[in-house]
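Have a look at the structure below, then the notes.
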Amino acid sequence: MKLKFSDVFFKGAVEYNPVVIQCVGLCPVILASTNLKDALIMSALILADLIINCFIASALLKKIPRAIRVAIYMLVSLLIVLPTLWFIGSKSLMTMSLAMRVCIPLVAVNSVTAVHCEQFAVKNNVRLALYDGIAAGFGVMFILVILGVLREIIGNGSILGYPLDLTFKLSGLLMPYGALVVLGFIAAISKAVFTGGQKQKPAEEKTTEETPAEAPAHEETVPEQIELDLNYVDNENDEYAYLLSSVNELIASFADDKEGGNEE
Amino acid sequence: MKIIAGLFVTALYTIFVQNLVMCSGLGMSEAMRVASRPGTFIKFAFMISGFSTITSLLCSLIGSFTSLYTSYVVKATVYAVVLASVYIVAAAVIAVFTRDKELLGTLGIAALNTLVFAVPYINDTANYNLLRSIGSGLGAGFAFVLAAALIGSGAKKIEKNTKIPEIFKGTPAMFFYVAIISLGFMGFTGTTLF
């Protein structure tokens, strides 16, 4: 059965959000979300980067050794970053924050791109790779925009540079720890909405074929006709897989070890 | 002696005072993931330090002997090409002499990440001379390991805590915990925190 874009999009952007579920791409999210304008610029960059890299990875790089592929992703990302830097121009760049001036080139080594290309794009056809790239890009964009709005309004008392007459400002939100706190709340809300706060399967019960991120609650809600294998965990020797699965194991292991019990 | 002291002080500054991972979020994704593999800390420390140092050294030398850095576009291109070249050379050496696939896989993660790529920018912004650039590069790797070790040790305690509400278990709790560590490190920088 042909997979629909909506199925892949929902799974890639929301249910397995790259930032709050997979914990990739945290650096640009933390640095570039101090205001909405920077967040929108970074979102557009990352979306373009993901789409182009996933397309190229799926279409051309499947037979290239991985060690070379990861360098190619960086050089392809430069093709997006350099025109952006040129377009913004030196004078405009100087008016941007230091974090943003450093962050724009860092899109070239963004971990979202490497993870999604290695774990999905090179293992699937171009159509599905594009779907996944778009989904992951929009997933990062959602988080960046939410963070940008919250951090600018509450942290700076403005929106898109226009001051709001707020009596209360929490400038700590403009710091990296502020972004992490907001991310924590977004992750909790996401978990509450998609798992209903249900307990996840303990780490010991998972099999090697099972995707650790798929809690039983997710499996029950996934329709049978979805054949797409969004198994981001390849095997134990796959370096990117272990990077991804380590967080998934962490998530799974945070579940209660036994019913109504405390090992201590 | 003064020269070595300058290098050492810059490295210590990068590790403890202005920890690049905790104070700027550079390489935070990788640190959170590597945190659950304490056996790889030393390997990552040396690889990240090595790549940061060599890349920042080469970028500083290119800047000193040429007038290439006329714009951000040129700077970004040079830094990226230098980093990619250093990585490919290292990968080729490992592929030819050791054929260790696991090390090769780890090399990509250690080399091509936001922390390593940001070090030349930071050195340039801070106007570091050659030796301080080396110190900054050396400190980057150990800053990464310090962050990963702190995250890993806290994650184990969070895992055992059954009092955390269900919706906050897992990544939400991790984010809050890393936020608290970041707040602690930000205290060393002397900036106003609230």
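Scan the range B:32-45 residue by residue and report those that are aromatic (Phe, Trp, Tyr) and within 12 Å of another protein chain (Cβ to nearest Cβ).
Across the range B:32-45, the qualifying residue is only B:Phe44.
Report yes if some residue within the range A:43-52 is farther than 15 Å from A:Leu144 by Cβ and at pLDDT 90 or above; otherwise report no.
Looking for residues that are farther than 15 Å from A:Leu144 by Cβ and at pLDDT 90 or above, one finds at least one in the range A:43-52, hence yes.
Determine which single condition A:Val19 fails, assuming it passes every other condition in (1) under 30 Å from A:Phe194 (Cβ atoms); (2) assigned to a helix (DSSP H, G or I); (3) open to solvent by less than 10 Å² (accessible area, probe 1.4 Å).
Every condition holds for A:Val19 apart from (2).
Here are some residues: B:Ser29, B:Ser64, B:Ser71. Which one is farther than 26 Å from B:Gly105 by Cβ, of a type in the set (Gly, Ala, Ser) and within 11 Å of chain A (Cβ to nearest Cβ)?
From the options B:Ser29, B:Ser64, B:Ser71, the qualifying one is B:Ser71.
To keep it simple, each residue is scored yes or no on (1) of a type in the set (A, V, I, L, M, F, W, C); (2) under 17 Å from the mean Cα position of the chain (by Cα); (3) within 27 Å of A:Phe194 (Cα to Cα); (4) within 12 Å of another protein chain (Cβ to nearest Cβ).
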position: A:Ser6; (1), (2), (3), (4): no, no, yes, no
position: A:Cys27; (1), (2), (3), (4): yes, yes, yes, yes
position: A:Ser33; (1), (2), (3), (4): no, yes, yes, yes
position: A:Leu36; (1), (2), (3), (4): yes, no, yes, no
position: A:Ile46; (1), (2), (3), (4): yes, yes, yes, no
position: A:Cys54; (1), (2), (3), (4): yes, yes, yes, no
position: A:Tyr73; (1), (2), (3), (4): no, yes, no, yes
position: A:Ser77; (1), (2), (3), (4): no, yes, no, yes
position: A:Thr84; (1), (2), (3), (4): no, no, no, yes
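Given B:Ile4, B:Ile94, which one is of a type in the set (Val, Ile, Thr), out of contact with any helix residue (DSSP H, G or I) (no Cβ under 6 Å at 6 or more places or on another chain) and at pLDDT below 90?
Being of a type in the set (Val, Ile, Thr), out of contact with any helix residue (DSSP H, G or I) (no Cβ under 6 Å at 6 or more places or on another chain) and at pLDDT below 90 holds for just one of B:Ile4, B:Ile94, which is B:Ile4.
If we keep just the residues of the range B:80-124 that are of a type in the set (Ser, Thr, Tyr) and at the interface with chain A (Cβ under 7 Å from one of its Cβ atoms), which is surrounded by the most Cβ atoms within 10 Å (Cβ to Cβ)?
That would be B:Thr114.
Just one of B:Ile48, B:Ile15 is more than 7 Å from chain A (Cβ to nearest Cβ), in contact with a Gly (Cβ under 6 Å, 6 or more places away or on another chain) and open to solvent by 20 Å² or more (accessible area, probe 1.4 Å); which is it?
B:Ile15 is the lone residue from the list that is more than 7 Å from chain A (Cβ to nearest Cβ), in contact with a Gly (Cβ under 6 Å, 6 or more places away or on another chain) and open to solvent by 20 Å² or more (accessible area, probe 1.4 Å).
Looking at the structure I just gave you, is B:Gly135 crowded, with 17+ Cβ neighbours inside 10 Å, within 15 Å of B:Glu30 (Cβ to Cβ) and of a type outside the set (S, T, N, Q)?
No: the conditions fail for B:Gly135.
Does B:Gly184 count as under 24 Å from the mean Cα position of the chain (by Cα), more than 10 Å from chain A (Cβ to nearest Cβ) and of a type outside the set (A, V, I, L, M)?
no
With the requirement that a residue be farther than 22 Å from B:Asn19 by Cα and open to solvent by 40 Å² or more (accessible area, probe 1.4 Å), what does the range B:167-182 give you?
Residues satisfying the conditions are B:Ile167, B:Phe168.
Mind listing whichever residues of the range B:125-172 are of a type in the set (S, T, N, Q) and at the interface with chain A (Cβ under 8 Å from one of its Cβ atoms)?
Result: B:Thr125, B:Thr162, B:Thr171.
The values are calculated or read from the model by the stated rules, or taken from the named source; none is laboratory data. Predicted model, so just to flag it, every value in this text is computed and none were measured. Cβ atoms come from the backbone with ideal geometry, glycine included; neighbour counts cover every protein chain shown. The protein model used for the area step is the full one, side chains on, heavy atoms only, and it has no ligands, DNA or RNA in it. Shrake-Rupley method; radii C 1.70, N 1.55, O 1.52, S 1.80 Å.
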